[in-house]
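The values are calculated or read from the model by the stated rules, or taken from the named source; none is laboratory data. Since the model is a prediction, treat every value here as computed from it, not as a measurement. Glycine also receives a Cβ, built like all others from the backbone with ideal geometry; neighbour counts cover every protein chain displayed. These accessible areas exclude ligands, DNA and RNA; they are computed on the full protein's heavy atoms, side chains included. Shrake-Rupley method; radii C 1.70, N 1.55, O 1.52, S 1.80 Å.
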Amino acid sequence: MGLDKLVKATVAALEDIKARDIVVFDVKRLTALFDKIIIASADSTRQGKALSCNVQEKLKALGARIYGVEGEQVGEWILVDLGPVVVHIMQPATRKYYNLEELWGPPLRARRRRARSAVAR
């Protein structure tokens, strides 16, 4: 599977379960370990686990290999290793604390999903 298809399928799988603040970083010039990093926020540990499971299921169905998954037991920060792509699914407080966006530089693209206010009129 090509790198672009892998990234698009991963972002789509995250969007299916309503991940927030999805960003994609091209890091191939910064490290030889992987080419892209995807970071997404989950509103709860349950949603984080659901996001991780959905990414794994969707990508396995497309023939991608899952090299490893870390952090599903706790759910504050889940890492899914897809080889050339590493996915970080984080709780907002954890994401803010570690601030991976600053570490890796400006993202290729960002999708900001804002909560809609439920104001009755």
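Quick notes
- Residue within segment 18-26 that is of a type outside the set (Phe, Trp, Tyr), open to solvent by 20 Å² or more (accessible area, probe 1.4 Å) and free of Cβ contacts under 8 Å to residues at least 40 places away in the same chain present: no
- Residue in segment 75-94 that is nearest to residue 23 (Cα to Cα), counting only those that are part of a loop (DSSP other than H, G, I, E, B) and open to solvent by less than 10 Å² (accessible area, probe 1.4 Å): 82
- Residue in segment 31-45 that is part of a helix (DSSP H, G or I) and surrounded by 11 or more Cβ atoms within 10 Å (Cβ to Cβ) present: yes
- Some residue of segment 58-68 being open to solvent by less than 60 Å² (accessible area, probe 1.4 Å), closer than 17 Å to residue 22 by Cα and in contact with a strand residue (DSSP E or B) (Cβ under 7 Å, 6 or more places away or on another chain): no
- Pair list, Cβ under 8 Å, 6 or more apart: segment 93-106 residue of a type in the set (S, T, N, Q), other residue outside any helix (DSSP H, G or I): 94/76; 94/77
- Some residue of segment 41-60 being under 19 Å from residue 98 (Cα atoms), in contact (Cβ under 8 Å) with a residue 60 or more places away in the chain and within 11 Å of the chain's Cα centre (by Cα): no
- Of all the criteria given as (1) over 13 Å from the mean Cα position of the chain (by Cα); (2) at pLDDT below 95, the one not satisfied by residue 65 is (2).
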